[in-house]
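What follows is calculated from the coordinates using simple rules that are stated; it is not laboratory data. As the structure is a prediction and not an experimental result, all values here were calculated from the model.
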């Protein structure tokens with residue numbers, strides 16, 4: 001007897017769809033502490049991202065209060081230089097309201113192809129992290145702003161820029177506000193080849 005083709009119309013698939021479609025970048029957070037065990041579990045899940053030759057190129061740095069304070073002051077300095085003190089103070093206040101901070105880096109490789117593959121793997125891991133936290137009721141924001149390329153930031157977090165580069169600085173916490181969003185129709189991005 002021939003086995004029927006599996007159906008993707010299952011409650012599990014609809015739940016997964018809801019998590020993926022529902023995830024949003026969160027800018028404003030409640031000032032509620034996020035359990036450390038949840039963040040560690042999210043990082044553990046993140047590491048199950050596909051990575052060519054199982055290189056596991058990602059590194060995760062949980063920033064504590066002292067490191068966060070130094071990072072905020074560096075940001076204030078960078079923004080003051082580029083946009084003025086008022087913008088710098090606004091940015092520093094906004095950043096001081098982010099409850100959780102995670103830095104994701106990728107190990108450098110001398111092989112260009114491996115470097116691209118490893119970066120892709122780190123991005124997939126970061127998405128796993130975000131989706132896992134979203135399912136747990138938390139939001140994230142992944143930033144690659146100027147601070148992530150500033151040598152002084154590498155000094156603050158103790159990362160050797162010759163060995164690793166920043167994939168993203170990720171804030172996480174319980175959302176204060178969840179924005180609406182939409183995407184193009186899938187027909188606009190698919191090309192079928194013969």
Checklist entry - In whole angstrom, and with the biggest value first, how far do the Cα coordinates of the range 1-102 range along each principal axis? => result 74, 30, 28
Item to check | Mean Cα-pair separation over length for the range 49-175, i.e. relative contact order, pairs under 8 Å, 6 or more apart, % | outcome: 35 percent
Next on the checklist: What is the angle, in °, between the Cα long axis of helix 65-83 and the longest principal axis of the Cα atoms in the chain? Nearest 10 is fine, range 0 to 90.
Outcome noted: 80 degrees
Item to check | Reduced Cα scattering model of the range 103-194, Debye log10 I(q)/I(0), q = 0.17, 0.18 Å⁻¹ | outcome: -0.92, -0.97
Item to check | Ratio Rg/Rh, restricted to the chain and using Cα atoms, in which Rh is the Kirkwood radius | outcome: 1.03
Checklist entry - Just from its helices, what would the mean residue ellipticity at 222 nm be for the chain, if runs of 4 or more DSSP H residues each count -39500 (n - 2.57) and the sum is divided by every residue, rounded to the nearest 500 deg cm²/dmol? => result -14000 deg cm²/dmol
Item to check | C-alpha center-to-center spacing [the range 48-91, the range 102-174] in angstrom | outcome: 9 Å
Checklist entry - What angle do you read, to the nearest 10 degrees and between 0 and 90, between the alpha-carbon axis of helix 85-96 and the longest principal axis of the chain? => result 50 degrees
Checklist outcome for this item: In units of 2.2 N^0.38 Å, the Cα radius of gyration of the range 75-156 is 1.34
Item to check | Additional length obtainable on full extension of the chain from residue 155 to residue 112, 0.36 nm per residue less Cα span | outcome: 12.9 nm
